[in-house]
Amino acid sequence: MPIPPTMALAEVAFTEPMGFLWLAAVAAAVVLVLLDARWRRAALRRLADANLLGRIAPSVIGARTVLRATLVLAAMALLAVALADPRGAESREEVEQRGVDLMVVVDVSRSMLAEDAAPNRLARARQFAADLVEELGSDRVGLVEFAGVPAVRCPLTFNHRTFLSQLALLSPKSTVRGGSMLGDAIRLAAESLDGEGAGRAIIVLSDGEDMESDPVEAAATAYRDRGVRTVTIGLGDAAEGARIPVVEGGARRFLVHEGEEVWTRMDPTLLAAVAEQGGGFFVEAGTSQADMGDVARALTAMLEASTRERGTVAAREPLFQWFACAALLALLAEATLRPRGATRATTAALVPEPRERRRERRATAQGGST
């Protein structure tokens, strides 16, 4: 839309003020243009006599040259303003804030250090959680970690950076007790999903190992009493499993219990039952990559975005395109003013004639006179 004629300069805001740094390049270009003009005049005085200078100077440093330089400099300045992203007067619009609330539950028990899902199950879980949040966009997310005791690491928030920073800190050392109490983690996540509505879910990232915390009952209760659905994503090999690496005294070995190495396997049966009773779905990632885009789309189809509240949002009309168009017109105008080529007189005055050429010309003239 055109810029309103009544819009005051004070009403214009710039969302990318760093773009004005390019004006320094414009200032440098002005200095270079002035120095070039000075050099051209000095060169003409050295190479041409007074009579010839009056005839060739207009073609070299005349009004057309000045106008071309002015157009280029104006285009550069206009582009700098466009890069600063100018915005028009602020307008406010009432909108409904809608979306879904998700609590991501991540297993940080020692079995998640198994390396059947490279680099290990926990690292893969963190990657999946980060990818999922990126796909979600503007929805609220929270984070629960669990091993022997669950804990809320990040309450529900729109700030996905906060979520991701807490996600990166998850490790078996971040929990106060070893073990694997998936049911307790689901109960805590359900309690953390405040409010009402159908747009709430729990996303579990785990290998499914559990120490009799009854996660199936926990998911069923959350769905029945709170309307909170549970989606499970299984990590690890379900057939052969893998050993659990540990580092003690600077040496790497595998976890041993009662004299035997501990092997851990993903439990798809339990995770599928949790999802089924929790009104969600089960994703058996295993040791492979899973497309979190598909998971996000399935969540969107399953959950109904609930209205949280009505509010107003501020918006400003972008104006950068007008400055960019003006810059383009200035460059097009400059292109039409470019000379087709130097005149013979200017070339002869500025470029000395080679000595051999002068000798040939003189010999030809003498031969013609005889």
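On a full-extension model of 0.36 nm per residue, what is the gain between LEU21 and ARG316, subtracting their alpha-carbon distance, rounded to one decimal in nm? List each step's numbers first, then the result.
On the way: separation 295, 0.36 × 295 = 106.20 nm, distance 2.27 nm.
Gain in length upon complete extension: 103.9 nm.
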On full extension of the chain, what length is gained from ASP291 through GLU90, given 0.36 nm per residue of separation minus the C-alpha to C-alpha distance? 68.4 nm
Counting only residues 5 or more places away or on other chains, whose amide H sits under 5 Å from the amide H of ALA285 once H atoms are built in the peptide plane? GLY234
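So between ASP194 and ALA63, what do we pick up on full extension, going 0.36 nm a residue minus the alpha carbon distance? Please report the intermediate quantities before stating the final value.
Details: separation 131, 0.36 × 131 = 47.16 nm, distance 7.25 nm.
Using 0.36 nm per residue and subtracting the Cα-Cα distance, I get 39.9 nm.
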Provide the percentage of antiparallel DSSP beta bridges, counting only those with both residues in the stretch 101-304; round to the nearest 5. 35 percent
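Values quoted throughout were computed directly from the atomic coordinates according to the rules given, and no laboratory measurement underlies them. Since this is a predicted model, take the numbers as computed values, not measurements.
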